[in-house]
Amino acid sequence: DGGDSTVHDSNGNALCLFPSYGACGLHNLGNTCYANSGWQCMSYLPLLRSYLLSGQFKISGDLNKDNPLGTGGRLLEEFSDLLRLMWSGKYGSRAPQKFRNFIGKCRPQYSGADQQDAQELLNDMIDMLHEDGNRVRKKPYVEALEDKWVERTNLPRVGHEAWRRFLRRNRSAISDLAMGQVYNRVTCPVCNHSSKNFDPFNMLSLPFPTVAEVIFQCTVVRRATAVNCPGTLLRVGRKHHPKQKQVITGDSSPPSKQLVFEQYIIPMSRLADMGDLKMKLQNVSGIPANRFRVCKKEDIVTGCGEGDNISTLSYTRVSALPDKDGPCVKLIQQSSMDDITSPMIAEIVAFEL
């Protein structure tokens, strides 16, 4: 009948009619989509999820209620309770009201209805879970690595010692599963002194890979004229003697009206459109942009015949590209997606109309 057939419990949570462990959505409690996405990501870390669902942090004595840098172990317990509901197979969606209220008490910036940064939330969550499960009850004072020792020691040895010192104050399931260290080198532009060290991290910010530009290998085909085809096209009224040699004067390198075919390499921004491409062709060839018909060039190889009489046929197919506005990156298809950060190269043919 087109109505909503979802079954809800007395608290408004959608029941899962077809049990599927982990397929549980989280209700938006007023601009909490950033938090829901972060919690869902953490729930799909297999080893961390198993650690929390099994209650191993209680069995092994990892729960640290005396750590002033944590939440007294409460966040670790509350998040494990939320995961048990999400992975129980009973609910299709759930309102994480209790957990959201608690994390709002720990970090007031998440208690309101304002949109927050999901990465900042994840960073805070990982840090609090780490401190709530830190096996080091009394953190000793650990000296930093000396610059002179770092300079004369090979890098793997420095990294091993930096991580050993870090673990003297930080040992938890989070440090085992979701922490590492990154090598930093800072050089003073004035005295050229270089400082090397390893810094711990719980996440790395990686940019989305994008194609900076599209490179067009363009063949410009000029209209046949008496200048570039003197043997076949002559100006009206001009006397032509068959034995007279045609003399080409001036520079015949591109761009030149004496040539029929010219080839150019044209880099374009991936956001540039067909109009920008034609203007670039106008600038390099001297042909007005409105007199171009741009086509895509494709080398086609096909096989024909049967049995032992199979032959290979290769030819070049030229298909017209639309003149509609749109990014140049949409005009071509990348043959390989192995490195999508490298420039895309496409062969095109531009006919002078």
Rank by packing, highest mean first: peptides 24-35, 122-133, 51-62, 92-103, with packing defined as the count of other Cβ atoms within 10 Å averaged across residues.
-> 122-133, 92-103, 24-35, 51-62
Inter-label distance for Ala289 and Glu120, nm, one decimal - labels placed 7 Å from Cα along Cα-to-Cβ | 4.3
Label point distance in nm, Glu151-Arg168, each placed 7 Å from Cα along Cα→Cβ = 2.3
For Met344, solvent-accessible area (1.4 Å; no DNA, RNA or ligand), Å² = 20
Accessible-area ranking of His193, His160, largest first, probe 1.4 Å | His160, His193
The answer for Gly25, listing residues at least 5 apart or on another chain whose modeled amide H is closer than 5 Å to its amide H, is Ser93, Arg94
Starting from the residue with the highest accessible area, list Val136, Val318 in decreasing order, probe 1.4 Å.
-> Val318, Val136
Per-pair calculated FRET efficiency, R0 = 45 Å: Phe208 and Lys58 via Cβ, rounded to 0.05 = 0.70
List every residue whose amide H lies under 5 Å from the amide H of Phe292, counting only residues 5 or more places away in sequence or on a different chain, with H placed 1.01 Å from N in the peptide plane.
-> Leu353
Largest to smallest accessible area among Thr219, Thr225 [probe 1.4 Å] | Thr225, Thr219
Can you list residues whose amide H is under 5 Å from Ile287's amide H, if they're 5+ apart or on another chain and H is modeled 1.01 Å from N?
-> none
By the scheme Lys and Arg +1, Asp and Glu -1, what is the net charge of all other residues having a beta-carbon under 14 Å from that of Glu146?
-> +1
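The values are calculated or read from the model by the stated rules, or taken from the named source; none is laboratory data. Bear in mind that the values here come from a model prediction, so they are computed numbers and not experimental data. Glycine also receives a Cβ, built like all others from the backbone with ideal geometry; neighbour counts cover every protein chain displayed. All accessible areas refer to the heavy atoms of the entire protein, side chains included, with ligands and DNA or RNA removed. Shrake-Rupley method; radii C 1.70, N 1.55, O 1.52, S 1.80 Å.
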